[in-house]
1. Do the sum for the chain: with -39,500 (n - 2.57) for every DSSP H run of n ≥ 4, divided by all residues, what is the mean residue ellipticity at 222 nm, to the nearest 500 deg cm²/dmol?
2. Quick one: which residues, 5+ away or cross-chain, put their amide H under 5 Å from the amide H of Asp122? H built at 1.01 Å from N.
3. Output the pairs from Lys72/Lys437; Lys392/Lys437; Lys234/Lys375; Lys392/Lys434; Lys170/Lys434 with a Cα-Cα distance over 23 Å in this structure; if there are none, say none.
4. Given the peptides 189-199, 259-269, 352-362, arrange them by the average over their residues of other C-beta atoms within 10 Å, most packed first.
5. Putting +1 on Lys and Arg Cβ atoms and -1 on Asp and Glu Cβ atoms, find which of Ala316, Tyr181, Ala269 reaches farthest to the positive end of the dipole of the stretch 161-423.
6. Taking the Cα centre as origin and putting +1 on Lys and Arg beta-carbons and -1 on Asp and Glu beta-carbons, what dipole magnitude results for the chain, to the nearest 20 debye?
7. If we count other beta carbons within 10 Å of each Cβ, what is the order of Glu274, Glu57, fewest first?
8. With the dipole of the chain worked out from charges on the C-beta (+1 for Lys and Arg, -1 for Asp and Glu) around the Cα centre, which of Ala357, Leu345, Val56 lies farthest toward the positive end?
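Each value in this text was obtained by applying a stated rule to the coordinates, not by laboratory testing. For clarity, every value in this text was computed on a predicted model and none was experimentally measured. Reconstructed Cβ throughout: ideal geometry from the backbone, glycine too, with neighbour counts over all protein chains shown.
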Amino acid sequence: AAPQGRLLTLPTSPSATTGEPAASPPAPIRLEDVDWQALAATLRAQTGLEVSRLRVEGETLVIEAEATRFRKDLQAEGRANRVLHNRLPAEITHFRYRLSSNGLALREDEHPREAFVAAANDRRFGAEYEHSITARAASPAPDDDASAEAATLLDREPAGFNWGFSPNLKQNFGGPDGYLYQLNLQLDALWRTDRNGWFSGVATYQLADNYENYEYIADSDLPRVRTYVGDYVKETDLGITNLQYTRTHQFGRDWYAQAYGGILEMMYAGVGAEVLYRPMNSSLALGLDINRVRQREFDQQFGLRDYSVTTGHATAYWQSGWHDVLVKGSVGRYLAGDIGATLDLSRRFSNGVSVGAWATMTDAGDDYGEGSFDKGLYVSIPLDAFFTTSSKGSTGFAWAPLTRDGGARLNRRYQLYYMTDDRDPEGYWEGIDKVYK
């Protein structure tokens, strides 16, 4: 195989040679000469790694960061290997990436520097390098005193505030009212108070809709927890669909939790909490959420209606290993107070697209009305399928033939299972070919 890309060489110190200048590319001879703030900024710009801490443990540089750009973490780590190799002296022989999400430690990946350089120069050494990479569960919090040689070089809180505008299209088709749509301009903002806490908010301005055609309200003895959707859309053009504070916590290597409160979605406000058990290298995860919510006024501001309910579910997640199908089974109490279960099957393709379907049966029985039970389909598409830049974000749509009140779930903005996607080891190794890109 021919050498790939620009030739990389290990920087050397004059003390290790006959005093001749360091080999190209140049690198600082001493760790004390490194501008760590500038290095963290370069990693963010070129790799999408939001660095919170940099530590040296013996001959290993530990990079504590959140991966924000590339869908495959190995692509971000491969790019970071190049940046670090060009900036650090030869005494650093390993790069260890300690990846987290919203303050939750997920995984540690270690790359031998010399093996990476050899593989980057000549793919014939690729297999040896790839087998030298290690990925393991990350401990909740590293101990600065764990090693006498450990030293913290950079320790900073994540960026405080960011925001952006985007279009948003909500659709419903296949029901008695035909095709319904709502096109909004959406303002999304987030302010981090620290590594484990943040305020989030979403405001929407309605550009166009045809919900004047929404008239189908079938007979039902259940509380109207979702069939007021037409009133929410028609009441105002400018609404707040999310304004909440969220805080995460890690109880152990495999236990994650979050608590949240505020305006949780277009129709409900309240408080809630979730806990998730997700071991590394396991296809099974178990979660539990509980929420106390109250229905909002139709104008989507700060007013509340009389209806309130306690809702929550116990959920099992199983990576079946069959064509990348994820099976989710939930049992619990829904917004209308009915009790039942939901089965959700989805498949994620290699290009990042996910397709799924769900069905919910509850004890509502005849009270549910036409349709008998809740069901639907959904599609999620990665944003980088539409743009030339890489992104971890996605967009999509769901289709449910009838908007009914039975089997209705709270639309929680953040869910721990998807927040901890990096615990899936198969997803990590699927990106091995991208480590050179």
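1. Values: 7 runs with 59 residues, N = 437.
It comes out at -3500 deg cm²/dmol, rounded to the nearest 500.
2. Close amide H contacts, sequence-distant or interchain: Gln4.
3. Lys234/Lys375; Lys170/Lys434
4. Packing proxy ranking, top to bottom: 259-269, 352-362, 189-199.
5. So the residue we want is Ala316.
6. The calculated dipole for the chain is roughly 620 debye.
7. Glu57, Glu274
8. Val56
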